[in-house]
1. Per DSSP H run of at least 4 residues, take -39500 (n - 2.57); add these up for the chain, divide by its residues and hand me the 222 nm value, nearest 500 deg cm²/dmol.
2. Could you look at the chain and say what percent of its accessible area is carbon and sulfur, using a 1.4 Å probe and all protein chains?
3. Output the 0 to 90 degree angle, nearest 10, between the alpha-carbon long axis of helix 137-146 and the longest principal axis computed from the alpha carbons of the chain.
4. Highest GNM mean-square fluctuation, the chain, Cα pairs closer than 10 Å: which of Glu140, Glu215, Glu61?
5. Given a 10 angstrom Cα cut-off, can you work out which residue in Arg144, Arg216, Arg131 is the most mobile in a GNM of the chain?
6. With Rg and Dmax of the Cα atoms in Å in mind, check [x] 19.4, 60; [y] 16.9, 49; [z] 22.3, 82 and report the label derived from this structure.
7. With every protein chain present, what is the per residue accessible area of the chain (1.4 Å probe, Å²)?
8. How far, in degrees from 0 to 90, does helix 75-87 lean away from the longest principal axis of the Cα atoms of the chain, to the nearest 10?
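The values are calculated or read from the model by the stated rules, or taken from the named source; none is laboratory data. Keep in mind the model is a prediction, meaning the values are calculated, not measured. Cβ coordinates were reconstructed from backbone atoms using ideal geometry, including for glycine residues, and neighbour counts include every protein chain displayed. Accessible surface is based on the protein model in full, side chains and every heavy atom, while ligands, DNA and RNA are left aside. Shrake-Rupley method; radii C 1.70, N 1.55, O 1.52, S 1.80 Å.
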Amino acid sequence: MKLEVRDASRLGAILGICLSLFANMATASPRHIAGTARVIDGDTLSVAGTMVRLEGIDAPELAQLCPLEGGSWRAGDAARAYLAHLVSRKTVTCTGMGEDKYGRLIARCRANGRDLAAQLVREGLAWAFVRYSKTFVDQEAVARRARIGIWRAQCAPAWSYRRARWTSEAVAAPAGCAIKGNVSRHGRIYHMPWDRWYGCTRIDPTLGERWFCDEREAREAGWRRAAS
């Protein structure tokens, strides 16, 4: 088959574009950040001003209570406290693997030579988030056998807890949009149904407060996530 000059030129241009794309893919490198860290919750922290979600794990939510020996255990508080201990007065280095739908960097992070996510799972303070990654299934198996942390208490997986809380609150929320956008002396703050202060937050539209259907919508409207 004989190609016309025009066809050959077009084919050459396409091949050039493909080679350029492959070259960019080959030379692309993960995003690296390093610095001091501020812990948000058991699997989220701010490193050098960048919001980071630890890859491959899901820690209990801060408001999550787990039945334990006839009482209850604040699993989310325990996870956050342990993560704060791991990063205290240390330089945290993170290798980013992309961003989640909320704009947070998904990353593997280390402090003092230790993988933060691996440590949390190994100590029974987070689940391996197998829906997205199987990186930490071995560490989870160790914690489960030892019956420590979430494996000692009767903790619902964090993703199940969030789903149940959203379903429960969406029933009474306008149009099923269960995120509360509150205006306070700290500015415009939004609360997720599983956040600690969600239950005592009331929405007054006359003050400019409102409900949101998803977290991205709240961020784009100028609200920020409530600190717990």
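1. Details: 6 runs with 72 residues, N = 228.
Helix-only estimate at 222 nm: -10000 deg cm²/dmol.
2. Values: 7100 of 13030 Å².
Using a 1.4 Å probe with all protein chains present, the chain comes out at 54 percent carbon and sulfur.
3. 20 degrees
4. Of Glu140, Glu215, Glu61, the most mobile in the Gaussian network model is Glu215.
5. With Cα springs under 10 Å in the chain, the top fluctuation among Arg144, Arg216, Arg131 is at Arg131.
6. Only one option fits the structure, namely [z].
7. On the way: 13030 Å² over 228 residues.
Accessible surface, normalised per residue, equals 57 Å².
8. The angle comes out near 60 degrees.
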